[in-house]
1. If we keep just the residues of region B:336-366 that are touching a Ser or Thr at 6+ places or on another chain (Cβ under 9 Å), of a type in the set (Val, Ile, Thr) and farther than 29 Å from residue B:387 by Cα, which is least open to solvent (accessible area, probe 1.4 Å)?
2. Scan region A:109-120 for residues that are under 22 Å from the mean Cα position of the chain (by Cα) and surrounded by 17 or more Cβ atoms within 10 Å (Cβ to Cβ) and jot them down.
3. Within region A:143-186, restricting attention to residues that are more than 13 Å from chain B (Cβ to nearest Cβ) and acidic (Asp, Glu), which residue is surrounded by the most Cβ atoms within 10 Å (Cβ to Cβ)?
4. Given the options B:319, B:286, name the one that is of a type in the set (A, V, I, L, M) and over 46 Å from the mean Cα position of the chain (by Cα).
5. Using the structure shown, decide if residue A:125 is modelled with pLDDT of 90 or more and either within 28 Å of residue B:309 (Cβ to Cβ) or away from every other protein chain (no Cβ under 11 Å) (or both).
6. Tell me, which residue of region A:203-236 that is β-branched (Val, Ile, Thr) and modelled with pLDDT under 85 is farthest from residue A:170 (Cα to Cα)?
7. Evaluate the following for residue A:137: is it buried (at least 16 other Cβ atoms within 10 Å of the Cβ) and more than 10 Å from chain B (Cβ to nearest Cβ)?
8. So which residues in region A:4-21 are open to solvent by less than 60 Å² (accessible area, probe 1.4 Å) and under 25 Å from residue A:36 (Cβ atoms)?
Amino acid sequence: MEEVIKIRNLSKNYHTDAGEVNVLKGVDITIEKGEFVAIMGPSGSGKSTFMNILGCLDKVTSGNYFLGGKDTNALSRDDLAELRNHMIGFVFQGFNLIPRQNLIDNVALPLVYAGMKAHERKIRAKEILKSVGLEAFGTYLPNQISGGQQQRVAIARALVNRPKLILADEPTGNLDTKTSEEIMQLFCDLNVKEGITIVLVTHEPDIAAFAKRLVNFVDGKIQHDGPTALHVKENA
Amino acid sequence: MSLAMLFEAWRAMGANRLRTFLTMLGMVIGVGAVIVMSAVGAGTQAKVKDSIASMGSNLLIVLAGSMTSGGVRLGSGGVQTLTVSDATAIEELDTISAAAPTTSGSAQLIYQSSNWYTQVTGTTSSYFEVRDWELESGYPFMDSDVRGATRVVVLGKTIAQNLFGDEDPVGKTIRIKNSPYLVVGVLAKKGQSLDGRDQDDTAIVPITTAQTKLFGTQFKGVVRFIMVEALSDSVMDKAEKEMGELLRQRHKLRESAEDDFTIRNLTALANTAEETTKAMSLMLAAIASISLLVGGIGIMNIMLVSVTERTREIGIRIAIGAKQRHILVQFLLEALMISIIGCLIGVCVGVGGAFLIQKFFAISIAVTQSSILISFAVATGVGVFFGFYPARKAANLEPIDALRYQ
């Protein structure tokens, strides 16, 4: 199988007023193409920091992170921006849409930075909005639609540049149970039908259950790594 | 840079209209001030230039007597004066194109039931050349009129209007001091002189006529001053020097004696006047630029606020693939747009204001193309200069800090 993420002996320290804080202490993990990984763990266990590093938004203190075979330590800030643009789609807890722009423009934004022409961007953005069921809302502003719809727009934005990897940081944290399930179903479809690798952070076991693989962080280390309960059952 | 980025900057500006407008106001006032100030400056300058040019170009005036000190320094041997033959000798110099000896007095001019009190100048036909004074109708008097001391007169526009109204004065006869004079020509309008005197309120007669028939004089052939036109601007200094030497020689002045005449260089006077108005418009421009500077600081201030407010948005943009230059250009464009639109409004306000000033304060103005172009250049400069720091601050934000910003 093709390795999307390969992490070797990863450590991350933060400088604070209280001194050096060791947030990640030697993490090793490999995630292959088509996997659906849920990351869980108590607050302060380092799972958010781990996600930031996966998203190339933060630098490692020591160790190596290979994304799609590339050593991220060797890349410049702008190289990383380009890598994020092409490889990764982000879905955040707070949706993080740009409030002044309509849905089409929001979805098309990564394509702007990819250098795509305006009319091509628009066609592609409409196409992807349709795939998340929001083609009728293209010219709406983010505050004119519901939270669940906003998260769908955010997913559409994450998908628009055809990434290999989707990183979702508590994507259902601000949504009710029913909407959460719909969003998770969307992720499952993407994973199964499109073969997109998904890594998602959550602290709700119900949400984690949608994934195939569960990684548990405790105190900056991976404490457990294996198939989710559902898949254990299925495999049995 | 693409249309989408321009549109995005426009949208960001529109997101907080009042704030954007207030920020622009600094630029509007600054540019408006620059336009108005330079229009007033250029207007004054043009007016001064006009009135200097109306005196005649490359003009030198030789005055009788030692008048530089302003005191009673008439020199030994009584009143040393200039003569008509001095003027003739000056005209012979290589550097001089014409010299007109001039004397003057005041008299009442009468035509039928109208009369007018004015200054009558006695001079030679060279006078019209020296003063670059065209005739509106008729002809100037000739050298033969000067030789024969004939009773002919050339009228200034003001007198022609006051004595004749709509009638054509040429060929008519007027009375000056109870003697008949034939009007041979009417001078074209010249307007006010530098000191505000009406230059058209004058009548010109042959110098011989003035001296023998009109005013009479103890010393025939003696004149108050000689107006001299140099060949060109470049020989003015040389002409002045040669003329001085010639006159000292003709007046038989000893080495140690002071000049018994004074030469005034009107071009030098003109240059001084021009420099004064230039200095004035420069000062006005400097004051106006300070308001532009203040406007620029306003833009920087609001851009810093905007960057802070939109930290999270910047974080999102970086996360989904914006490179540093994308962010830099985005904020730079916003600052530029504020300053350039402010400048546009400022130009309109400035031009409008300048015309209002012209209308209500009767000050001559000249809105110059260069002041508008300079305003745009400065506005662009201000936008880039004061927009750069906030834009760089935005571009240098750490992705993770920006994304986490609440």
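The values are calculated or read from the model by the stated rules, or taken from the named source; none is laboratory data. These numbers come from a predicted model, not from an experiment. All Cβ positions, even for glycine, are placed from backbone atoms using ideal geometry, and neighbour counts span all protein chains on display. Surface accessibility is based on the protein's heavy atoms, side chains included, excluding ligands, DNA and RNA. Shrake-Rupley method; radii C 1.70, N 1.55, O 1.52, S 1.80 Å.
1. Taking the candidates together, the pick is B:365.
2. Of all residues in region A:109-120, those under 22 Å from the mean Cα position of the chain (by Cα) come to A:109-114.
Scanning region A:109-120 gives A:109, A:110, A:111, A:112, A:113.
3. By that ranking, first place goes to A:170.
4. Details: B:286 fails: over 46 Å from the mean Cα position of the chain (by Cα).
From the options B:319, B:286, the qualifying one is B:319.
5. Numbers: modelled with pLDDT of 90 or more: yes; either within 28 Å of residue B:309 (Cβ to Cβ) or away from every other protein chain (no Cβ under 11 Å) (or both): yes.
Criteria met by residue A:125.
6. Taking region A:203-236 first, the residues β-branched (Val, Ile, Thr) are A:207, A:215, A:218, A:222, A:228, A:232.
Then drop every residue that is not modelled with pLDDT under 85, which leaves A:228, A:232.
On the way: A:228: 17, A:232: 23 Å.
Among those residues, the one meeting the criterion is A:232.
7. Numbers: buried (at least 16 other Cβ atoms within 10 Å of the Cβ): yes; more than 10 Å from chain B (Cβ to nearest Cβ): yes.
When the stated conditions are applied, residue A:137 passes them.
8. A:4, A:5, A:7, A:10, A:12, listed by residue number.
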